[in-house]
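Where a number appears in this text, it was derived from the coordinates with a stated rule and is not lab data. On a predicted model such as this, the values are computed, not experimentally measured, just so you know. When we count neighbours, we look across all protein chains shown, and the Cβ atoms used for this are built from the backbone with ideal geometry, even at glycine.
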Amino acid sequence: MTRIRHTPIRHTPIAPTSTRLLAPGAEIDAHRHEDHQIAYAGRGVVAVTTDAGSWIAPATRALWIPAGTVHAHQAHGALELHLLGLPTTANPLGLDTPTVLGVSPLLRELIIACTGTPAPDGPERRRLLAVLLDQLRAAPQQPLHLPMPAEPRLRALCALLRADPADDRTLAALGREVGAGERTLSRLFRAELGMTFPQWRTQVRLHHALVLLAEDVPVTAVAHRCGWSSASAFIDVFRRAFGHTPGRHQAS
């Protein structure tokens, strides 16, 4: 996806509440709004990109997008995108950066109900939104952020792995390609991205895995294309990250 800083930015003051069907690979261009917004994929996988990195969410997760955040959406697989705008006074978790949240079965149904056929504001809708905000307050935050650095050498290294997550070269070998030593790169990963090189590489592989699963690529092929030595190793890491096996994300 195009970097936000190089894309014209639309300003839509009110965050829309709607359900949109997007084809695989379709994008919603860079924009911002003055309300908070929830983005939820009822089907497929949705990615949100800002200049700070990208966040990705399958149907068991939702994305919280704070008011004023310049962001773009991208569909992976056939995407049923539920967008719910919330006023700036409604921020039950006090979040000021995009965040991936776990979605319980009840929260899923509330999001779908609130983003369906527009309903007039009234007591029934206000009660529905009140329950939704209570569910959001209890929603666990998920570490599905893939941060992107500003430092040129680190940025070049991250670009190599985003282009080919299966690249299994060591940090030292990658450093020789981008012109930086292993110790320097290790320091930069912690200082700029707040994680180690192995942690970041696992995140980029999980992000890519979600995209491939949304495209209905078989689990074994996903494992090898994302750099795991076996399907069982991939399934183990995936289960620890998401709480279930990758087969759940494929079309039935």
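Between A172 and A233, the FRET efficiency from the beta-carbon distance, with R0 = 35 Å, is close to 0.95.
Computed over neighbours whose Cβ is under 14 Å from that of R183, the net charge equals +3, Lys and Arg +1, Asp and Glu -1. Applied to region 73-87, the Karplus parametrisation 6.51 cos²θ - 1.76 cosθ + 1.60 on θ = phi - 60° returns per-residue 3J(HN,Hα) values of 10, 9, 8, 10, x, 6, 9, 9, 9, 9, 10, 10, x, 10, x Hz, with x for Gly and Pro.
Per-residue ellipticity at 222 nm computed for the chain from its helices equals -10500 deg cm²/dmol, with DSSP H segments shorter than 4 residues left out and the rest contributing -39,500 (n - 2.57). Subtracting the Cα-Cα distance of L93 and R190 from their residue separation scaled by 0.36 nm leaves 32.3 nm. Computed from label points 7 Å out along Cα-Cβ, the spacing between I14 and L133 is 1.9 nm. So, R0 is 30 Å and r is the distance between the beta-carbons of D164 and S104; what FRET efficiency does that work out to, to 0.05? Efficiency at R0 = 30 Å is approximately 0.25.
Radius of gyration (Cα atoms) of region 102-252, expressed as a multiple of 2.2 N^0.38 Å: 1.34. For the pair region 167-204 and region 59-135, the centres of their Cα atoms are 35 angstrom apart.
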